[in-house]
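Chemist: A single structure is presented below for examination.
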Amino acid sequence: MVREKISTNEQFLAKLVELQQPFSKQLENLSILSKRIGALIEKRLKEDVTLYYGGSKERDTLLRDRPDLNIGILWPEDSDNTLEEIHAKVGKALRKKWGKPTPKNIGWEVPYKENFKFSVIPGKFINNKNQGAIFYFSSVEELVETSLKIQDDYIRESDRGNIIRLMKLWIVRRQVPLNSCIIELICINACKGINRNQIERQADRIFDFIYDNIEKIKIYDPANEENLISDIVRRNSI
(Lines give C-alpha, C1' and ligand atoms only; values in the text may rest on other atoms or scores of the structure.)
Protein backbone atom coordinates (compact mmCIF):
# COMPACT_ATOMS: atom_id res chain seq x y z
CA MET A 1 0.00 0.00 0.00
CA VAL A 2 1.43 3.36 -1.08
CA ARG A 3 1.10 6.07 1.56
CA GLU A 4 -0.11 9.38 0.24
CA LYS A 5 2.67 11.97 0.27
CA ILE A 6 1.83 15.22 2.04
CA SER A 7 4.42 17.94 1.52
CA THR A 8 2.54 21.25 1.89
CA ASN A 9 0.29 22.90 4.46
CA GLU A 10 -2.49 22.97 1.89
CA GLN A 11 -2.31 19.21 1.37
CA PHE A 12 -2.24 18.59 5.13
CA LEU A 13 -5.29 20.75 5.78
CA ALA A 14 -7.14 19.27 2.81
CA LYS A 15 -6.49 15.79 4.24
CA LEU A 16 -7.87 16.82 7.64
CA VAL A 17 -11.01 18.08 5.94
CA GLU A 18 -11.33 14.90 3.90
CA LEU A 19 -11.11 12.77 7.05
CA GLN A 20 -14.02 14.71 8.58
CA GLN A 21 -16.37 14.32 5.62
CA PRO A 22 -19.30 12.25 6.92
CA PHE A 23 -19.98 8.86 5.36
CA SER A 24 -23.17 8.60 3.30
CA LYS A 25 -24.30 5.75 5.57
CA GLN A 26 -23.66 7.94 8.61
CA LEU A 27 -25.92 10.65 7.17
CA GLU A 28 -28.58 8.07 6.34
CA ASN A 29 -28.47 6.62 9.85
CA LEU A 30 -28.64 10.10 11.35
CA SER A 31 -31.78 10.86 9.36
CA ILE A 32 -33.41 7.65 10.59
CA LEU A 33 -32.36 8.34 14.18
CA SER A 34 -33.61 11.94 14.09
CA LYS A 35 -37.08 10.85 13.00
CA ARG A 36 -37.13 8.15 15.67
CA ILE A 37 -36.18 10.63 18.39
CA GLY A 38 -38.65 13.19 17.06
CA ALA A 39 -41.47 10.64 17.10
CA LEU A 40 -40.67 9.72 20.72
CA ILE A 41 -40.71 13.37 21.79
CA GLU A 42 -43.96 14.03 19.93
CA LYS A 43 -45.57 10.98 21.51
CA ARG A 44 -44.66 12.12 25.03
CA LEU A 45 -45.75 15.71 24.46
CA LYS A 46 -49.21 14.73 23.16
CA GLU A 47 -49.47 18.15 21.54
CA ASP A 48 -50.20 19.48 18.05
CA VAL A 49 -46.61 20.29 17.05
CA THR A 50 -44.50 20.42 13.89
CA LEU A 51 -41.01 18.89 13.91
CA TYR A 52 -38.05 20.40 12.09
CA TYR A 53 -34.83 18.42 11.66
CA GLY A 54 -31.81 20.67 11.21
CA GLY A 55 -28.31 21.36 12.41
CA SER A 56 -24.94 20.42 10.93
CA LYS A 57 -26.33 17.71 8.67
CA GLU A 58 -28.65 20.17 6.95
CA ARG A 59 -25.93 22.82 6.86
CA ASP A 60 -23.37 20.44 5.30
CA THR A 61 -20.95 21.19 8.15
CA LEU A 62 -21.17 17.89 10.04
CA LEU A 63 -17.97 16.48 11.53
CA ARG A 64 -17.59 12.75 10.99
CA ASP A 65 -16.18 12.33 14.52
CA ARG A 66 -18.69 14.64 16.23
CA PRO A 67 -22.15 14.15 14.73
CA ASP A 68 -24.97 16.25 16.14
CA LEU A 69 -28.62 16.96 15.52
CA ASN A 70 -31.04 19.82 16.10
CA ILE A 71 -34.76 19.13 16.39
CA GLY A 72 -37.13 22.07 16.32
CA ILE A 73 -40.45 21.53 18.13
CA LEU A 74 -42.84 24.19 16.88
CA TRP A 75 -46.28 24.90 18.33
CA PRO A 76 -49.04 26.50 16.20
CA GLU A 77 -49.28 30.27 16.18
CA ASP A 78 -52.69 30.14 17.89
CA SER A 79 -51.51 27.88 20.74
CA ASP A 80 -52.51 29.06 24.21
CA ASN A 81 -49.13 27.95 25.61
CA THR A 82 -46.63 30.67 26.45
CA LEU A 83 -43.01 30.25 25.35
CA GLU A 84 -41.99 29.61 28.96
CA GLU A 85 -44.63 26.85 29.24
CA ILE A 86 -43.50 25.32 25.95
CA HIS A 87 -39.88 25.30 27.10
CA ALA A 88 -40.85 23.60 30.38
CA LYS A 89 -43.09 21.00 28.67
CA VAL A 90 -40.31 19.94 26.34
CA GLY A 91 -37.84 19.67 29.23
CA LYS A 92 -40.28 17.47 31.16
CA ALA A 93 -40.83 15.18 28.15
CA LEU A 94 -37.07 14.81 27.61
CA ARG A 95 -36.41 14.01 31.26
CA LYS A 96 -38.98 11.19 31.20
CA LYS A 97 -37.13 9.50 28.34
CA TRP A 98 -33.47 10.51 28.63
CA GLY A 99 -32.91 11.45 32.27
CA LYS A 100 -31.15 14.77 32.65
CA PRO A 101 -31.15 17.04 29.59
CA THR A 102 -29.09 20.19 29.98
CA PRO A 103 -31.05 23.44 29.71
CA LYS A 104 -29.42 25.79 27.22
CA ASN A 105 -30.07 29.43 26.49
CA ILE A 106 -32.45 28.28 23.77
CA GLY A 107 -33.86 24.80 24.21
CA TRP A 108 -32.28 21.66 25.63
CA GLU A 109 -29.21 19.53 24.96
CA VAL A 110 -29.46 15.77 25.41
CA PRO A 111 -26.43 13.42 25.60
CA TYR A 112 -27.35 10.29 23.67
CA LYS A 113 -24.28 8.04 23.58
CA GLU A 114 -20.52 8.38 23.17
CA ASN A 115 -19.80 11.65 21.32
CA PHE A 116 -23.32 12.07 19.98
CA LYS A 117 -25.78 14.55 21.41
CA PHE A 118 -28.88 16.24 20.12
CA SER A 119 -30.50 19.58 20.83
CA VAL A 120 -34.22 20.24 21.06
CA ILE A 121 -35.37 23.77 20.31
CA PRO A 122 -38.99 24.59 21.24
CA GLY A 123 -40.79 27.55 19.73
CA LYS A 124 -44.04 28.88 18.32
CA PHE A 125 -44.83 29.55 14.65
CA ILE A 126 -45.42 33.08 13.43
CA ASN A 127 -44.98 32.38 9.72
CA ASN A 128 -45.52 28.86 8.37
CA LYS A 129 -44.22 29.72 4.90
CA ASN A 130 -40.58 30.10 5.91
CA GLN A 131 -40.96 28.37 9.27
CA GLY A 132 -40.50 31.68 11.07
CA ALA A 133 -41.03 31.29 14.80
CA ILE A 134 -40.40 32.89 18.15
CA PHE A 135 -38.15 31.26 20.71
CA TYR A 136 -37.61 31.86 24.40
CA PHE A 137 -34.05 32.65 25.54
CA SER A 138 -34.41 31.52 29.13
CA SER A 139 -31.25 32.97 30.65
CA VAL A 140 -31.96 36.53 29.51
CA GLU A 141 -35.76 36.21 29.47
CA GLU A 142 -36.08 37.43 25.89
CA LEU A 143 -38.25 36.34 22.97
CA VAL A 144 -36.38 36.09 19.68
CA GLU A 145 -37.88 35.82 16.22
CA THR A 146 -35.97 33.69 13.72
CA SER A 147 -36.19 30.69 11.38
CA LEU A 148 -34.18 27.53 11.92
CA LYS A 149 -34.70 26.61 8.27
CA ILE A 150 -33.43 29.93 6.91
CA GLN A 151 -30.36 29.69 9.15
CA ASP A 152 -29.59 26.18 7.89
CA ASP A 153 -30.22 27.12 4.24
CA TYR A 154 -28.00 30.20 4.47
CA ILE A 155 -25.02 28.29 5.87
CA ARG A 156 -25.42 25.36 3.44
CA GLU A 157 -25.77 27.66 0.41
CA SER A 158 -22.62 29.57 1.37
CA ASP A 159 -20.76 26.43 0.24
CA ARG A 160 -18.08 26.85 2.90
CA GLY A 161 -18.59 23.40 4.40
CA ASN A 162 -14.94 22.34 4.07
CA ILE A 163 -13.38 25.27 5.91
CA ILE A 164 -16.18 25.22 8.48
CA ARG A 165 -15.42 21.56 9.22
CA LEU A 166 -11.75 22.41 9.69
CA MET A 167 -12.54 25.25 12.09
CA LYS A 168 -15.04 23.14 14.04
CA LEU A 169 -12.33 20.48 14.35
CA TRP A 170 -10.00 23.17 15.74
CA ILE A 171 -12.65 24.17 18.29
CA VAL A 172 -13.11 20.56 19.42
CA ARG A 173 -9.42 19.67 19.64
CA ARG A 174 -8.30 22.92 21.26
CA GLN A 175 -11.45 23.32 23.37
CA VAL A 176 -12.00 26.82 22.05
CA PRO A 177 -15.04 28.46 23.71
CA LEU A 178 -16.73 29.46 20.46
CA ASN A 179 -20.33 28.58 19.67
CA SER A 180 -20.78 26.35 16.62
CA CYS A 181 -23.18 28.73 14.89
CA ILE A 182 -20.84 31.67 15.53
CA ILE A 183 -17.82 29.94 13.95
CA GLU A 184 -19.93 28.98 10.92
CA LEU A 185 -20.96 32.59 10.38
CA ILE A 186 -17.42 33.86 11.07
CA CYS A 187 -16.11 31.54 8.35
CA ILE A 188 -18.66 32.84 5.85
CA ASN A 189 -18.01 36.51 6.69
CA ALA A 190 -14.22 36.25 6.82
CA CYS A 191 -13.77 34.26 3.61
CA LYS A 192 -15.71 36.47 1.22
CA GLY A 193 -13.82 36.71 -2.08
CA ILE A 194 -11.54 33.74 -1.37
CA ASN A 195 -11.65 30.60 -3.52
CA ARG A 196 -13.38 27.80 -1.64
CA ASN A 197 -10.66 25.33 -2.63
CA GLN A 198 -7.92 27.36 -0.93
CA ILE A 199 -8.10 25.82 2.53
CA GLU A 200 -4.91 27.36 3.97
CA ARG A 201 -5.73 30.86 2.73
CA GLN A 202 -9.25 30.66 4.16
CA ALA A 203 -7.92 29.44 7.52
CA ASP A 204 -5.36 32.28 7.66
CA ARG A 205 -8.08 34.83 6.92
CA ILE A 206 -10.36 33.40 9.62
CA PHE A 207 -7.65 33.45 12.30
CA ASP A 208 -6.77 37.03 11.37
CA PHE A 209 -10.45 37.94 11.49
CA ILE A 210 -10.88 36.39 14.94
CA TYR A 211 -7.69 38.02 16.28
CA ASP A 212 -8.68 41.46 15.03
CA ASN A 213 -12.37 41.33 15.88
CA ILE A 214 -13.17 38.81 18.61
CA GLU A 215 -13.90 41.42 21.31
CA LYS A 216 -15.99 43.66 19.08
CA ILE A 217 -17.27 41.28 16.42
CA LYS A 218 -20.91 41.63 15.37
CA ILE A 219 -22.54 38.53 13.91
CA TYR A 220 -26.15 38.94 12.80
CA ASP A 221 -28.78 36.26 12.38
CA PRO A 222 -29.18 35.48 8.64
CA ALA A 223 -32.88 34.86 9.28
CA ASN A 224 -33.45 38.16 11.10
CA GLU A 225 -30.88 40.94 10.94
CA GLU A 226 -32.35 42.50 14.08
CA ASN A 227 -30.85 39.61 16.09
CA LEU A 228 -27.25 40.27 17.08
CA ILE A 229 -26.24 36.65 17.70
CA SER A 230 -22.75 37.50 18.92
CA ASP A 231 -24.19 39.69 21.68
CA ILE A 232 -26.56 36.96 22.86
CA VAL A 233 -23.76 34.39 22.88
CA ARG A 234 -21.46 36.70 24.83
CA ARG A 235 -24.07 37.01 27.54
CA ASN A 236 -24.73 33.30 27.77
CA SER A 237 -23.51 30.54 25.51
CA ILE A 238 -26.33 28.88 23.52
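The values are calculated or read from the model by the stated rules, or taken from the named source; none is laboratory data. As the structure is a prediction and not an experimental result, all values here were calculated from the model. Here Cβ is always computed from backbone atoms with ideal geometry, including for glycine, and neighbour counts include all displayed protein chains.
Chemist: Run down Glu200, Glu142, Glu215, Glu225 and say which single residue is acidic (Asp, Glu) and either modelled with pLDDT of 95 or more or surrounded by 21 or more Cβ atoms within 10 Å (Cβ to Cβ) (or both). Steps first, please.
Modeler: On the way: Glu142 fails: either modelled with pLDDT of 95 or more or surrounded by 21 or more Cβ atoms within 10 Å (Cβ to Cβ) (or both); Glu215 fails: either modelled with pLDDT of 95 or more or surrounded by 21 or more Cβ atoms within 10 Å (Cβ to Cβ) (or both); Glu225 fails: either modelled with pLDDT of 95 or more or surrounded by 21 or more Cβ atoms within 10 Å (Cβ to Cβ) (or both).
Just a single option satisfies the conditions, and that option is Glu200.
Chemist: Check off (1) in contact with a helix residue (DSSP H, G or I) (Cβ under 8 Å, 6 or more places away or on another chain); (2) without any contact (Cβ under 8 Å) to a residue 60 or more places away in the chain; (3) closer than 27 Å to Leu185 by Cβ for Lys89 and give me the number that stays unchecked.
Modeler: Evaluating Lys89 over (1) in contact with a helix residue (DSSP H, G or I) (Cβ under 8 Å, 6 or more places away or on another chain); (2) without any contact (Cβ under 8 Å) to a residue 60 or more places away in the chain; (3) closer than 27 Å to Leu185 by Cβ leaves (3) as the failure.
Chemist: A further question follows. Have a look at Leu148, Leu166 and point out the one that is crowded, with 17+ Cβ neighbours inside 10 Å, under 16 Å from the mean Cα position of the chain (by Cα) and under 30 Å from Asp78 (Cβ atoms). Spell out the reasoning first.
Modeler: Numbers: Leu166 fails: under 30 Å from Asp78 (Cβ atoms).
Answer to the check: Leu148.
Chemist: Okay, next question. Return the only residue of Ile217, Ile155, Ile182, Ile171 being assigned to a helix (DSSP H, G or I), of a type in the set (Val, Ile, Thr) and over 19 Å from Gln20 (Cα atoms). Spell out the reasoning first.
Modeler: Values: Ile217 fails: assigned to a helix (DSSP H, G or I); Ile155 fails: over 19 Å from Gln20 (Cα atoms); Ile171 fails: over 19 Å from Gln20 (Cα atoms).
Ile182 is the lone residue from the list that is assigned to a helix (DSSP H, G or I), of a type in the set (Val, Ile, Thr) and over 19 Å from Gln20 (Cα atoms).
Chemist: Need pairs with beta-carbon distance below 9 Å; first residue without any contact (Cβ under 8 Å) to a residue 12 or more places away in the chain and within 17 Å of Leu74 (Cα to Cα) and within the stretch 99-111, second among the aromatic types (Phe, Trp, Tyr) and crowded, with 22+ Cβ neighbours inside 10 Å; sequence gap 6+ or separate chains.
Modeler: Listed pairs, sorted by first residue: Glu109/Phe118.
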